[in-house]
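The values are calculated or read from the model by the stated rules, or taken from the named source; none is laboratory data. Fair warning: this is a prediction, and the values are worked out from it, not measured in the lab. Cβ placement follows ideal geometry from the backbone for every residue including glycine, while neighbour counts extend to all protein chains displayed. Side chains are part of the model used for accessible areas, which takes the heavy atoms of the whole protein and leaves out ligands, DNA and RNA. Shrake-Rupley method; radii C 1.70, N 1.55, O 1.52, S 1.80 Å.
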Protein chains: 2
Amino acid sequence: MSQLDISCGLEYITTPDLQNCLSEALRCNYAFIVSPIVHPRFRRPQCINSRVGGFTRSDMILSPQDWTSRIVAKVSSYINVDSDSLVVKQRHEDCLNEELGYCRGLGVPAIMLSIHGRQTNNLARILQTYYETSHHPSLIWACVPMVCNRTLRGSNPEDNNKNCDNDEKAWNEPWNWWSGFHERLEWDKRVGVVLELSADLPSQDIVKRWLGEPVKAIILPTSIFHNNKKGYPVLSRAHQQIVVSMVEREAQVIVSGARRSNIEFYLQYLYRIWKRRPNPADDPMLSYARGWEDYLQTPLQPLADNLDTHTYNVFEKDPVKYDQYQKAIAQALINLQKAKAIEKLEAYNKSKKDEAVDGVNVSEIGQGEGKVGESHNDDTITIMVLGAGRGPLVRASFNAADITSTKIKVIAVEKNPCAVVVLAAQVREVWRDRDVIVIPGDMRQLKLSPKADIIVSELLGSWGDNELSPECLDGAAGLLKAGGISIPCSYRSYVAPISSPRLWAAARAASSGVTPQKEKNLETLWVVYMQNKHDIADTKLVFTFEHPAKAIQDQEGQELSDYRGLPLTDNRRSTSLTWKVEQDNVMHGFGGYFDCSLYGSEMISIVPSTHSPGMISWFPVFIPIKTPLRVQKGDVIKATFWRCVDSRRVWYEWNAEVGGHITALHNPNGRSSEMLL
Amino acid sequence: MSQLDISCGLEYITTPDLQNCLSEALRCNYAFIVSPIVHPRFRRPQCINSRVGGFTRSDMILSPQDWTSRIVAKVSSYINVDSDSLVVKQRHEDCLNEELGYCRGLGVPAIMLSIHGRQTNNLARILQTYYETSHHPSLIWACVPMVCNRTLRGSNPEDNNKNCDNDEKAWNEPWNWWSGFHERLEWDKRVGVVLELSADLPSQDIVKRWLGEPVKAIILPTSIFHNNKKGYPVLSRAHQQIVVSMVEREAQVIVSGARRSNIEFYLQYLYRIWKRRPNPADDPMLSYARGWEDYLQTPLQPLADNLDTHTYNVFEKDPVKYDQYQKAIAQALINLQKAKAIEKLEAYNKSKKDEAVDGVNVSEIGQGEGKVGESHNDDTITIMVLGAGRGPLVRASFNAADITSTKIKVIAVEKNPCAVVVLAAQVREVWRDRDVIVIPGDMRQLKLSPKADIIVSELLGSWGDNELSPECLDGAAGLLKAGGISIPCSYRSYVAPISSPRLWAAARAASSGVTPQKEKNLETLWVVYMQNKHDIADTKLVFTFEHPAKAIQDQEGQELSDYRGLPLTDNRRSTSLTWKVEQDNVMHGFGGYFDCSLYGSEMISIVPSTHSPGMISWFPVFIPIKTPLRVQKGDVIKATFWRCVDSRRVWYEWNAEVGGHITALHNPNGRSSEMLL
């Protein structure tokens, strides 16, 4: 039996919550403790007194469950299955297979091995065989240093320029080792990286790139700690930040190396910097999104399906969104009042013959005609809430009317019968003395009279138009007076190319492992609170929609209209975008966002640079590509997105290219994902 | 209804066999005739008098079957769905969809469209939708010129160097259009190219690259014909060669443009150059392989399965292979006689005490022991034919013995019971007066005495060791005397990176369209007579095997042996190869070959540069890669091949990389293809 280093020197995986396990850990010379940092119930660490080669009694103390959940096996460090020597390669391959077989037998949750260079072809091959042949394979933790000292030493201190180059190379090199290794394993989500921090730290760009990788643990050599005035070991501010960012992404922490201070001090210190981090409770989004990090959800289809009460509950809780709507409605009311006042003045000055012509006459197509309200005078402003749900926008409208002292009539249109019941109850009980009526039905099929001065809707998805707001509002264009106001008046979708092995692997594996499904999963938009990702380049505008929408024109410039006399709009879109790559990376897809002008200057946005503070209603979307593309500094990424429409549905298609490498076209003819009209 | 150009000007698809259809075609002004050139029964062409936009009576004369088998629809040439103008793009997209819908309705076998540049993203997308939405989609024929005149004109005649560059660019450009377009359609085998020949022709390299593409037709403008002395239209020698090479690869020929001569003369001339081409019957391989071009077969597993009589029939017909074996055996007999003579002399000079010790004692493991032959004196040379099949190597041995006047005893070992019956019959009837015995059984499990002076086998597959010759012969090492001869004494496998959309698409689609199968198909070796392919770089050596094989050594340099005392050999291999790319291309996989040293200088080879003339027993193998890799001039292709062995089977794994792009590992743990021991 060859040797398996289960531990090596004085190494601890610590978690900030772990203070009281320290004393026990201290009693042993060797320990390698695994415990998920986010686990609610912390388990006390177990220690192993000796190498596994020869079992000692204290090894055997570990229960089977400890072996399968708390021990990380370490592959012998001498093993080099990518040696140039055929004999060495073959012998080490036999040794590695023996050690992997031993790990398989022990059932350890993870196997740690070191990567020392770009040559990982044979290693990756052997690990793939290991995965192919194991029913319960362990995670693989690939350990790389943050900087390649070999490359750094290659620098010539006299040539400053070359030095700089070498410096950058030395920081890039270990990422290339890891990334190439992970690519050879097809970005398998069971494979993660362990990063050994160095005393010097690289540029923020390189740190950020590491934050996009699935870092399972970071190693802090005791040598990178300094002693403060009181003699306690502390880290530089930059190191602290990395530790916190990594632990936030669920990395564990290993303190390793010569014991230069009391172990307890390291642990207490790490615990303190974790506690001292910015409180996530201060940001509503952070506390709301907790537990949803990198968790993929399929987008809602509120048009095709009816939302349930839980979903309404979540959306109505947003502390920001309805404030913004209220402000926008108030602004619109003020402007309308002004316009009406001017109009009235002009009308009065001209003649008095146009008085009192409007009768109220609301009719529904297919449901016969019916009076839906009493007559009201000219000063009343009609607000239609299209897709009123359980009424938050009705509330916002009344609030806005109260603030601006405007007389309004609210018509709440809602197609979901359950929501209509709630709305009707509110009309009876909450809004008894308000001028409000509820119209059940699909906004695209209603004909109401009088028409609205303002229509208010909240039909946007995470990527803006992806819940078919354009089609719904264009279909409801007949409900709005000429010159009336739509809130929102425009919205835009955005994308940025991103690197995220974790999101990509999660998307690929999202449902059962059948291959056709796998392809489908990578041709779908995913709603996800993205955390373990890295932006390769800036966020750019994709599609724009405006309301009321303009009709398309024929060759003579004449605007076209449909059979109901509504403007014939074209909500198909296509856009090609290009980005310059600033750093070697691997592109796994796009992050998708939107922003939206409600009215005047009132906006809501989930674009990272302009995100409405505290707004929690939308997570972004992740748009995967089927084959990740390796990109190099200076490359140009070109991506094309199509929004396609037929009589029954809407869908997106996309592809991307870098250099001569083109991805397949994603989702042709909406074969994998579509939104039903 | 928008216009569909079914024909355009004076265009004929001609086939050399088509003489008598000419008169009919001449009577019409417009015709576009489709008829497969290799089809046994030629169908007379049909003609259409007018464009399809408005049907005329003569259109309607076409029978439904004519529409579905003989008409190529031509997409309106003005259509540009990749225009920079959004309005043009959207309108043309509508037009194209209308025309495609019309083609779908007509059920034409193919749709021809022109590609004018690299912008084909939207076109490819629309065609993918067309494929997704059609039950019986037509073939797509993408028409490109051989040279890009735009690029050519861009050249500056004063700057010679730049001119040269531009020249090369102009020839490369249309290939890039086509290749990019085909890549966007994921190398769909329903998509082919139509090449319009130019008056000037490019370098051989560029022509060869086109020969690797699925060229469905070539267009010969009448302007590239010259008039010979008698006034008949003729082509330059270079053009003739291209026409013949293309038609050999099943391209059809379209003569197009102004009628400068009697149409019949063009046709007669084309017919003549086709007939004048080198006669395929002169090359046994060409005539043998006819009809098998680019047809994929799974490799045989003669060890796991027993071959049937048809397969033996084919193999025994080889006019070259057994000649080579006979020569090798003769050479070995001569050398053995010489050695024996010297030995005898020495022995005589020393003493006479070693006379007549050998008794004949043949035993079979698991089948009891039994005498299998009478005793014979020292001059007799024992030849064991391992895997004798129906006896061709036994015959070759007797022939060699007769030629060299050697006394031999042949022991024919064969595991296939059917073949043993045939062998036994031959012993009784054909070889009655020969010293020959048949031993049924697996060569790896037999123990025979006396041992052989020579073992002869023919266990090679298309990629050399891929039918497990190394394992069989190592397992039979106990049958050979120390210092005995193995024929073959060594063999080597080779690969070259190749481009072949056709082979790749054929491999992908080899069985039913299920996706898991698709992946499997691209992790398998295919035996195929490759024709529609292009070598990207040279053929290089992969693995070498020698017999008798040397044992592996332990750390002290001691040779190891197995439980039967046979040398413990290691037939695992791994090799990394690199190639420099000389021309932009797309790599779809590898061509695999072998050569084999029988004895002395006698070789057999299917490596293209050293192919044994007239030997037909082996087609090469095609080794696909799952995702084709685009390669650029100057790139380095690196490929790694592993030969893996476990106790029950042998398999290959491979991957390839170009620049930063790495393919997945193919066939990990032999999950998709393996050879059973």
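Going by accessible area, probe 1.4 Å, with all protein chains left in place, what is the ranking of A:D308, A:D562, largest first?
The most accessible residue leads, giving A:D308, A:D562.
Set the Förster distance to 35 Å, then compute FRET efficiency between B:E346 and B:L568 from the Cβ-Cβ distance, nearest 0.05. That gives a FRET efficiency of 0.60.
Amide hydrogen proximity for A:V385: with H placed 1.01 Å from N in the peptide plane, the residues at 5 or more positions away or on another chain lying under 5 Å are A:I411, A:A412, A:V413, A:V456. Under 5 Å between amide hydrogens, built in the peptide plane, is the criterion, and for A:V191 it picks out A:I140 among residues at least 5 positions away or on other chains. Of the residues A:R70, B:R237, B:R508, the one with the largest accessible area comes first in the ranking B:R237, B:R508, A:R70, computed with a 1.4 Å probe on protein heavy atoms.
Copy-to-copy label distances for A:A341, where each label lies 7 Å from Cα along Cα-to-Cβ, are 12.9 nm in order of increasing length.
With +1 assigned to the C-beta of every Lys and Arg and -1 to the C-beta of every Asp and Glu, and no other charges, what is the dipole magnitude of segment A:526-677 about the Cα centre in debye, to the nearest 20?
So the dipole magnitude of segment A:526-677 works out to roughly 480 debye.
If both residues of a DSSP beta bridge must be in segment A:368-479, then about 5% of such bridges are antiparallel.
By the Stokes-Einstein formula, at 0.692 mPa s and 37 °C, segment A:194-303 with its Kirkwood radius over alpha-carbon pairs has D equal to 208 µm²/s. 3J(HN,Hα) along segment B:544-560, derived from phi through the Karplus expression 6.51 cos²θ - 1.76 cosθ + 1.60 where θ = phi - 60°, amounts to 10, 10, 10, 9, x, 7, 7, 6, 6, 10, 8, 4, 8, x, 7, 6, 9 Hz, with x in place of Gly and Pro. In nanometres and ascending order, the distances from the B:D308 label point to those of the other copies are 5.8 (point 7 Å from Cα along Cα→Cβ).
Protein-only accessible surface at a 1.4 angstrom probe places the residues B:H661, A:H239, B:H310 in the order B:H310, B:H661, A:H239, largest first.
Would you mind getting the Kirkwood hydrodynamic radius of segment B:386-510 from its Cα pairs, rounded to one decimal in Å?
Numbers: mean 1/r = 0.0608 Å⁻¹.
Hydrodynamic radius (Kirkwood, Cα only) of segment B:386-510 equals 16.5 Å.
Where the centre of each part is set by its Cα atoms, how far does segment A:383-442 sit from segment B:429-487, in angstrom? Result: 92 Å between the Cα centres.
Averaged over the residues of peptide A:122-134, the number of Cβ atoms from other protein chains lying within 10 Å of each residue's Cβ is 4.
Legend: translational diffusion of segment B:81-148 by Stokes-Einstein, Rh = Kirkwood radius over C-alpha pairs, 20 °C, 1.002 mPa s; D = 168 µm²/s. Between copies, the label points of A:V320, set 7 Å from Cα on the Cα→Cβ line, lie 7.6 nm apart, reported in increasing order to one decimal in nanometres. Between chain B and chain A, roughly 3800 Å² of accessible surface gets buried, counting both sides and using a 1.4 Å probe.
Backbone geometry of segment B:634-641 corresponds, through the Karplus equation with coefficients 6.51, -1.76 and 1.60 at θ = phi - 60°, to 3J(HN,Hα) couplings of x, 4, 10, 8, 10, 10, 10, 10 Hz, x marking Gly and Pro.
In segment B:106-229, the convex hull through the Cα atoms has an average projected area of 10.0 nm², a quarter of its surface area.
Between B:E98 and A:S561, the C-beta separation translates, for a Förster distance of 30 Å, into a calculated FRET efficiency of about 0.85.
Shown for segment B:460-601 is the translational diffusion coefficient from the Stokes-Einstein equation, using the Kirkwood radius over Cα pairs, a temperature of 37 °C and a viscosity of 0.692 mPa s: 185 µm²/s. Restricting things to alpha carbons, find the Rg to Rh ratio for segment A:517-673 using the Kirkwood radius for Rh. Using Cα coordinates only, the ratio equals 1.01. Taking amide H as placed 1.01 Å from N in the peptide plane, A:D635 has its amide H under 5 Å from the amide H of A:V581, each at least 5 places away in sequence or on another chain. Phi angles of segment B:287-298 translate, via the Karplus equation with coefficients 6.51, -1.76, 1.60 and θ = phi - 60°, into HN-Hα couplings of 6, 5, 7, 4, x, 9, 4, 6, 9, 7, 10, 6 Hz per residue; Gly and Pro are given as x. If a spin label sat at a point 7 angstrom from the Cα of A:N335 along the line to its beta carbon, the backbone N atoms of segment A:453-488 nearer than 14 Å would be those of A:453-456, A:483-488.
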